[in-house]
Each structure stands twice: as C-alpha cells, then as structure tokens.
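K.L.:
The structure under discussion is supplied below as structure tokens; questions concerning it will follow.
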Amino acid sequence: MQPYGVSVFSQVNYPNAFLYTALIRGYTIDGLLKESLLIYSAMRRGGVTPVSFTLTSLLKACGSEVNVNLGRQIHGEIVKLGGFSADLFVGNVLIDMYLKCGYLGCGRKVFDEMPARDLISWTSLIDAYAKAGDMGSASELFRGLPVKDMVAWTAMVTGFVQNAKPREALEYFEKMQSAGVQTDEVTLVGVINACAQLGAVKYANWVRDVAEKSGLGPKNDVHVGSALIDMYSKCGSVDDAYKVFKSMQEKNVYTYSSMIVGLAIHGHAGSAIELFEEMVKTDVKPNEVTFIGVLTACSHAGLVEQGQSLFEMMEKSYGIKPSVDHYNCMVDILGRTGKLEQAVKLIESMPMEPSAGIWGALLGACRIYSNPDIAEVAARNLFNLEPESIGNYILLANIYAKAERWQDVLKVRKLIKKKGLKKNPAFSWVEGEKGVIHEFYAGDMTHPRFREIKEMLQDLINRLQMDGYEPNLSSVLYDVSEEEKRRILMNHSEKLALAYGLLVTEDGCAIRIVKNLRICEDCHLFMCGASKISGREIIVRDNMRFHHFHNGTCSCSNFW
DNA sequence: TTAGGGTTAG
C-alpha cells in the first residue's frame with residue numbers, strides 16, 4: 001500500500017524539503033516507519049536539508065511504534081544537523097519519543113541538556129516519573145517549575161492517584177485551588193478518583209459539590225459522570241451511583257461498565273444483568289470490561305448457566321476474545337458454586353497460560369469447599385508465579401487446618417518462615433463522628449477510648465449470644481484452645497471498628513467499615529447479628545467487595 | 001500542534 005502522495009511526488013523533478021516532509025509524514029501516519037526512513041535517506045542523499053517538522057514526524061512515529069533504535073538514529077541526525085538541538089519543539093518531541101519507548105533516563109538527559117524548556121517539557125517528564133511510580137522525582141521537578149499551570153498541577157494530582165496516594169492527591173488539589181489555578185474536567189476526574197480510593201462518603205459528597213459548582217456535573221460531562229459512578233460505588237453508596245447514572249444525558253461504554261461493575265460488587269446481580277441487557281439495546285457496544293462486570297455479577301450470585309452463556313456470547317455476538325481475566329471470572333463462577341473439577345477442566349482448556357489470579361480463584365474455591373487435594377495443585381502453581389505473596393501460603397495453611405491436617409499446616413508455616421515472608425497485619429477503619437476516620441489493628445488496645453470500645457463489644461456479644469450467636473471457631477486457624485480461639489476472634493479489627501462506630505455515631509446512622517483483608521466467616525456472622533439487634537445498617541468493604549448488613553442478613557447472601 | 005483523564009474480579 002502506498003500513500004496517495006507518492007504518485008504526485010514522483011512527478012516532481014527537484015523535490016524540496018517540504019515535499020519530502022509531506023511524503024514522509026504520509027508514510028508515518030500510515031504506520032510505515034521503515035518506508036518513511038527510506039525517503040529520508042533519499043532526501044539526505046539528494047542534498048536536501050530537513051526542516052524541524054521532518055524530524056518530528058519521524059520521531060513521533062518512532063514513539064508510537066516504540067522503536068527506540070530508529071529513534072536514536074534520528075536523535076543522531078538532529079545532533080549532526082546542529083541547529084535543531086536548540087529547537088524547543090524538536091526537543092519536546094524527542095523527550096516524548098524516549099518516554100513513549102520507556103527510556104525515562106534518556107528523556108531526562110535530553111531535558112537536562114536543552115538550552116530552553118517550556119511547560120510542556122516539564123510536564124511530560126513529571127507525568128513520566130509519576131507513571132513510573134517515582135513521585136519523589138516528579139515532586140522535585142514540579143517544585144522547580146517556575147510557572148505552574150493547570151496541566152502541570154493536574155499531572156501531579158493524577159500522579160498521586162495512579163500511585164495509590166489519594167491523600168497527597170487531595171492535598172495538591174487544595175494547593176492548586178489556593179494558588180488560584182483553574183480546574184477543568186481532567187483535574188476533577190483525578191480528584192474524584194482520589195476520593196474513590198479513600199472510600200469515604202464525606203469526601204465523595206464534597207467532591208460532587210466541587211464538580212457541580214464548577215459547572216462540570218454528571219449532566220454536563222460524561223467523564224466526570226462515569227468517574228462519579230465508580231466513586232460512589234467504591235464508597236459503598238450504590239444508590240447514589242445509580243442516581244448519578246440516571247441523571248446523565250450522555251452515556252458511553254465507561255458509564256455503563258462502571259455502573260454494571262458497581263452493581264455487581266454490591267451484590268445486585270440481577271440489576272447488573274438487567275442493565276447489561278438494557279445497554280445492548282442502545283448504540284453503546286459493550287467492551288471487555290463490561291463483560292468482566294456482568295460475569296462478576298454472575299459469580300457473586302452463583303449464576304452458572306447465565307455466566308456460561310454470556311461467556312460464549314462475548315466472542316460470537318460481540319467479537320470480543322475472552323482474555324485471561326474473563327477466564328478468571330469463569331473459574332470463579334464454577335469454583336464458588338462448588339464445581340471444582342469443571343473449573344480445573346476449564347483451566348486446562350485455556351488458550352493462554354493461566355495467571356496467578358486463575359489459580360487464586362481456584363484456591364479460594366477450595367477453601368470454601370474444603371478440598372485440600374485440588375488446593376495443592378492451585379497452590380503449587382501460585383507458589384511458582386508469586387513466590388513472595390504470603391496470602392497464598394496462608395490460604396493453603398487454612399485449608400489444611402480446616403481439614404485438621406496439622407502436619408501439613410506446619411509444613412506450610414515452615415515454608416513461610418524459610419522464605420522470610422511477613423504476614424500482612426489485618427486492619428479496619430471506620431468513619432466516626434463528622435467523617436473522622438479511625439484505624440484499628442487486630443487486638444488493637446491503643447485507642448484512647450479502648451475501655452468503652454471493649455465494653456460496647458462485650459455488651460454486643462452478650463446480646464448476640466442471647467439471640468443464638470455462637471462464635472465460629474473454625475475461623476481461627478491456629479491449633480490453640482477453644483478459649484484462646486474465642487479471644488482471638490473477639491479482637492478482630494472489624495469488630496473493634498464496629499464497636500467504635502456504634503459508640504460514636506448517632507442512632508439510625510449507617511456504619512461504614514473498610515477492611516484491608518477479606519472478612520472472616522465469624523465476623524460476617526457477627527455483623528449479620530449486630531445489624532439486627534442494633535437496627536443499624538452496616539456496610540463493610542473488604543478487599544473483595546461490599547457487604548451490606550441489614551436486619552440480620554447480608555447482601556452477599558453469605559456467598560463471598 | 002509536542003504535556004494531564006473515565007470502567008476490571010479474586
């Protein structure tokens with residue numbers, strides 16, 4: 001295939017730099033980098049001196065093709081040609097080429113050697129450092145920036161978000177506002193994501209006000225709206241997420257997918273599937289994420305056949321090849337419903353290498369259905385893929401413990417010790433008065449109101465026991481006495497957080513708890529009972545999903 | 001015409 005320009009070009013006897021450049025640009029736009037370089041060589045052989053646009057066209061193509069070797073050759077040409085090294089525009093495109101190819105150090109070197117830099121040079125590098133996870137270098141550059149504009153500030157805000165530092169992101173947003181810098185929808189999306197990471201309702205409502213006040217609410221901007229949906233569902237308010245969804249005039253695949261995923265993680269499987277069916281009737285086509293959402297919904301509701309038919313529909317009706325993540329959902333669906341052999345068969349039939357997530361889903365299913373034999377297969381693969389991830393070892397030890405295979409438990413514990421792996425401490429946090437957040441570790445006695453918390457917890461236990469609650473001792477995976485098991489269970493961080501929440505929030509107010517690990521069976525049972533006797537709604541976000549406890553039952557139908 | 005953005009489970 002040749003660009004149209006070729007036939008015209010070939011009729012010119014003495015093409016000049018602009019004609020050559022136009023032809024080169026034609027090739028680069030079509031992704032024909034090698035061909036464009038041949039034209040460039042011909043141009044040089046013909047004694048025609050390139051203009052800056054000639055070189056930037058080539059550099060841009062090297063960036064998008066991720067071809068640093070050719071990019072370096074062009075860099076060499078720039079140096080050889082002398083004058084272009086001082087060209088700000090050429091320098092910026094050169095930096096961009098190195099960054100797109102993943103050569104941050106080379107990009108920095110060009111930056112340092114540039115005779116003059118502008119906001120674009122600085123911001124490109126700040127963003128690159130942020131994406132590489134080096135917020136230290138990003139901040140350092142940002143501090144040195146003589147004039148900071150909206151884009152530079154936004155690069156910092158989103159950089160902190162990308163590195164899971166939501167508090168710093170909000171801090172920079174506040175500084176940005178105090179500096180009198182305007183914000184636009186890109187900044188807002190970053191701030192909204194920061195609030196989603198924090199998962200606190202207080203911030204969620206605050207950022208929504210900020211968006212509305214700047215005239216960029218969900219009605220006006222589809223990006224902001226979609227981000228708000230995701231934020232509200234991550235903050236535990238799927239109803240608010242749905243209100244945002246309903247209020248939006250323009251809806252695209254992100255809008256629908258965020259809403260479907262939101263409904264799925266909150267246990268509203270039926271609504272998630274209904275929304276999917278509504279979506280496919282519109283012009284908005286589902287993508288791979290949308291399918292992750294509906295398949296997750298099926299997995300949380302135990303809908304095997306529906307999941308299987310959606311999985312088949314993906315490729316047949318929508319031309320989306322199932323990825324390893326979609327297989328992961330299917331393994332989860334089969335595993336959670338106890339179809340462990342079928343899950344293993346599906347893994348064996350996969351057209352790609354199973355990921356750690358796949359084996360993790362299988363191992364999780366083995367825990368629910370107490371199947372140490374299949375668990376060993378899953379664990380062996382996991383130990384290969386993620387030798388340093390302690391969670392897998394603990395899960396296997398737990399499965400052995402449940403089967404009372406204490407010798408095997410000991411073996412796994414020794415393995416953990418030999419590898420020098422440290423256990424992740426469990427912690428929970430809860431929104432207290434005025435949205436103030438308090439964090440509790442398991443067995444935490446450091447809170448100034450610990451005595452009151454303990455009393456509240458004991459009172460709760462007494463009332464629950466009168467209601468028939470019996471501690472689920474098999475949730476403790478140490479081979480210790482029953483009494484010790486009871487003591488360990490009662491000090492789980494989410495129970496402490498709940499007691500504190502009951503202590504400091506008003507009657508009728510929902511209690512929101514976030515836990516860094518998965519909620520244990522005993523705490524789940526405990527929360528069910530507590531929601532009944534206290535008349536409070538309890539919302540727990542664990543590392544997997546949301547649990548809404550209300551009047552003695554959980555939205556997950558004890559299926560998680 | 002070179003810089004910042006939205007959805008992914010377990």
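K.L.:
Which lysines have a Cα lying under 26 Å from the Cα of A:LYS454, excluding residues fewer than 8 positions away in the same chain?
P.N.:
List returned: A:LYS423, A:LYS434, A:LYS485, A:LYS495, A:LYS515, A:LYS532.
K.L.:
For the peptides A:414-427, A:520-533, what is the packing order when you average, over each peptide's residues, the other Cβ atoms within 10 Å and list the highest mean first?
P.N.:
Details: A:414-427: 12.1, A:520-533: 21.2.
Put in order of decreasing packing, that is A:520-533, A:414-427.
K.L.:
In square angstrom, what is the accessible area per residue of segment A:323-423 with a 1.4 angstrom probe?
P.N.:
Numbers: 5140 Å² over 101 residues.
Per-residue accessible area for segment A:323-423 comes out at 51 Å².
K.L.:
Taking all protein chains as present, what is the carbon and sulfur share of the accessible area of segment A:1-117, in % to the nearest whole number, probe 1.4 Å? Don't skip to the end; give the middle numbers.
P.N.:
Details: 3580 of 6350 Å².
Heavy-atom surface of segment A:1-117 belonging to carbon and sulfur, 1.4 Å probe: 56 percent.
K.L.:
Using Cα positions and a limit of under 20 Å, work out the lysines in reach of A:LYS148, with same-chain residues fewer than 8 apart set aside.
P.N.:
Reachable lysines: A:LYS131, A:LYS175.
K.L.:
Next up: Rounded, prolate or oblate, given the Cα gyration tensor of segment A:323-423, with a/c below 1.5 counting as rounded?
P.N.:
On the way: a/c = 2.53, a/b = 1.49, b/c = 1.70.
It is oblate, given that a/c is not under 1.5 and a/b is not larger than b/c.
K.L.:
On the protein heavy atoms, probe 1.4 angstrom, tell me the percent of accessible surface of segment A:428-494 carried by carbon and sulfur. Please list the in-between numbers first.
P.N.:
Numbers: 2000 of 3890 Å².
Result for segment A:428-494: 51 percent of the exposed heavy-atom area is carbon or sulfur.
K.L.:
Let me ask something else about it. Once all Cα-Cα distances of segment A:158-236 are split into 10 Å bins that start at 0, what whole-number percent is in each one?
P.N.:
Using 10 Å bins, I get a P(r) of 21, 58, 21, 0 for segment A:158-236.
K.L.:
Find how much the distance from A:LYS165 to A:ALA42 grows on full extension, using 0.36 nm per residue of separation minus their present alpha carbon separation; answer in nm with one decimal. Don't jump to the answer; show the numbers that get you there.
P.N.:
Values: separation 123, 0.36 × 123 = 44.28 nm, distance 5.12 nm.
Between A:LYS165 and A:ALA42, full extension yields 39.2 nm more.
K.L.:
For Cα pairs less than 8 Å apart in space and 6+ apart in sequence, what is the mean separation divided by the residue count of segment A:323-423, i.e. the relative contact order in percent?
P.N.:
22 percent
K.L.:
Would you mind calculating the relative contact order of chain A from Cα pairs under 8 angstrom and at least 6 residues apart, reporting the percent as a whole number? If you can, show how the numbers build up before the last one.
P.N.:
Working: 826 pairs, mean separation 35.0, N = 560.
So the answer I get is 6 percent.
K.L.:
Then there's this: Work out, in µm²/s and without decimals, the Stokes-Einstein translational diffusion coefficient of segment A:1-117 at 10 °C, 1.306 mPa s, Rh from Kirkwood over C-alpha pairs. Please list the in-between numbers first.
P.N.:
Values: Rh = 14.4 Å.
Answer from the Stokes-Einstein relation: 110 µm²/s.
K.L.:
Rounded, prolate or oblate, given the Cα gyration tensor of segment A:427-554, with a/c below 1.5 counting as rounded?
P.N.:
Numbers: a/c = 1.36, a/b = 1.24, b/c = 1.09.
Since a/c stays below 1.5, the shape of segment A:427-554 is classed as rounded.
K.L.:
Let me ask something else about it. How large is log10 I(q)/I(0) at q = 0.06, 0.08, 0.11, 0.12 Å⁻¹ when the Debye formula is applied to the Cα atoms of chain A, each weighted equally and without solvent?
P.N.:
Debye intensities relative to I(0), on a log10 scale: -0.41, -0.71, -1.17, -1.30.
K.L.:
Right, here's the next one. Need one word for segment A:194-277: rounded, prolate or oblate. Basis is the Cα gyration tensor (sqrt eigenvalues a ≥ b ≥ c); a/c below 1.5 gives rounded, then a/b vs b/c decides.
P.N.:
Working: a/c = 2.34, a/b = 1.29, b/c = 1.82.
Taking the square roots of the gyration eigenvalues as a ≥ b ≥ c, segment A:194-277 is oblate.
K.L.:
Under the definition of Cα pairs under 8 Å and six or more residues apart, what whole-number percent is the relative contact order of segment A:427-554? Display every interim value, and only then the final one.
P.N.:
Details: 206 pairs, mean separation 35.5, N = 128.
Contact order relative to length: 28 percent.
K.L.:
I've got another one for you. What is the percent carbon and sulfur in the accessible area of segment A:323-423, measuring with a 1.4 Å probe over the protein chains and ignoring ligands? Spell out each step's value before the answer.
P.N.:
Working: 2700 of 5140 Å².
Accessible surface attributable to carbon and sulfur in segment A:323-423 totals 53 percent.
K.L.:
Can you give the charge dipole size of segment A:1-117 about its Cα centre, rounded to the nearest 20 debye, using +1 on the beta carbon of Lys and Arg and -1 on the beta carbon of Asp and Glu?
P.N.:
On the way: 11 positive and 8 negative charges, 29 e Å.
Charge dipole of segment A:1-117: 140 debye, to the nearest 20.
K.L.:
Provide the packing ranking of A:78-84, A:233-239, A:284-290, i.e. peptides ordered by the mean count of other C-beta atoms within 10 Å per residue, highest first.
P.N.:
Numbers: A:78-84: 14.0, A:233-239: 23.0, A:284-290: 17.6.
Descending mean neighbour count gives A:233-239, A:284-290, A:78-84.
The values are calculated or read from the model by the stated rules, or taken from the named source; none is laboratory data. The structure presented is a predicted model; accordingly, all values stated were derived computationally and were not measured. Counting neighbours? That spans all protein chains shown, and the Cβs are built from the backbone with ideal geometry, glycine included. When the accessible area is computed, the model is the full protein with side chains, heavy atoms only, and any ligands, DNA or RNA have been set aside. Shrake-Rupley method; radii C 1.70, N 1.55, O 1.52, S 1.80 Å.
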